[in-house]
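Novice: Please see the structure below; I have some questions.
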Amino acid sequence: LGVVEEHFWRALCQAVGADEPRLADARFATEAGRREHGDELSAVLGELFLRDDAQAWVSRLAAHDVPVQRVLPLAEAMSTPQLVTRGRVQTHEGQRHMTFPVVWDGRPAARVRRNPPALGSDGSAWPA
C-alpha cells in the first residue's frame, strides 16, 4: 500500500470508507495527523485488511487508483516481467539471484559474482 500523497489517501477512503468509518476520524484527516497517530491507523487498516484476501484488496484498491501490490514470495517475484526485463534477475553457476535494484549510468550497480555458501558448509550448526 503506497498512500504517500493526499490524493491517494482520499482514494483509499473512497474505496473503503463504507466498510471502515474509523478512517474518517479527525486524527487521520491530515498527513501530520496520520503520522502522529500512525500506530492507531495501522491497527485500523490491519483489522480492515483481514476481512478479505490480498487479491480482493488489490483489485478493489487499484480500481480506485490506490497504489497497491501484493507482496510476492521470492520465487514468484523473480518471475515478474518487470524484474526480468530490467535485468534484476541473474543466473550464476545454475542459481538464480535477484540483484540490487539500483542503476548507475544506465548499468546495474551490482552484479552476482558468486553464489552464497550452502547452509552448514562452514561447519556451524543452524541455531535451534
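Novice: All other residues with a Cβ under 15 Å from the Cβ of THR80 taken together, and with Lys, Arg as +1 and Asp, Glu as -1, what is their net charge?
Specialist: The answer is +3.
Novice: Calculate, for the chain, the solvent-accessible area per residue in square angstrom, rolling a 1.4 angstrom probe over the heavy atoms of the protein chains. Display every interim value, and only then the final one.
Specialist: Numbers: 9330 Å² over 128 residues.
Result: 73 Å² per residue.
Novice: Using Cα atoms only, what is the angle between the long axis of helix 6-16 and the major principal axis of the chain, expressed in degrees (0 to 90) to the nearest 10?
Specialist: 80
Novice: By how many degrees, 0 to 90 and rounded to 10, does the Cα axis of helix 38-49 deviate from the longest principal axis of the chain?
Specialist: Rounded to the nearest ten degrees, it is 90.
Novice: If you don't mind, another one. Carbon-plus-sulfur fraction of the accessible area of segment 1-127, 1.4 Å probe, in percent?
Specialist: Numbers: 5080 of 9190 Å².
About 55 percent, which is the carbon plus sulfur part of the accessible surface.
Novice: Ignoring everything except DSSP H segments at least 4 long, calculate the 222 nm mean residue ellipticity for the chain; use -39,500 (n - 2.57) per segment, divide by total residues, nearest 500.
Specialist: Per the formula, -9500 deg cm²/dmol.
Novice: What do you get for GluC sites (Glu not before Pro) in segment 1-52 restricted to DSSP loop and a cutoff of at most 13 other Cβ within 10 Å of the site's Cβ?
Specialist: Passing both the DSSP loop test and the Cβ count: GLU5.
Novice: Further question: Under unit Cβ charges (Lys, Arg +1; Asp, Glu -1), what dipole magnitude, rounded to 20 debye, does the chain have relative to its Cα centre?
Specialist: Details: 15 positive and 17 negative charges, 150 e Å.
That gives the chain a dipole magnitude of about 720 debye.
Novice: Run the simple label-point estimate for HIS64 and ARG86 please: 7 Å along Cα→C-beta, distance reported in nm.
Specialist: Each label point is offset 7 Å from its Cα along the Cβ direction, giving 2.7 nm.
Novice: For volume of the Cα convex hull per residue in Å³, which listed value, (i) 198; (ii) 104; (iii) 121, comes from the coordinates shown?
Specialist: After the calculation, the listed value that fits is (i).
The values are calculated or read from the model by the stated rules, or taken from the named source; none is laboratory data. This is a predicted model, so every value here is computed, not measured. Note that each Cβ is placed from the backbone with ideal geometry, even for glycine, and that neighbours are counted across all protein chains shown. Ligands, DNA and RNA are excluded from the accessible area calculation, which covers all protein heavy atoms including side chains. Shrake-Rupley method; radii C 1.70, N 1.55, O 1.52, S 1.80 Å.
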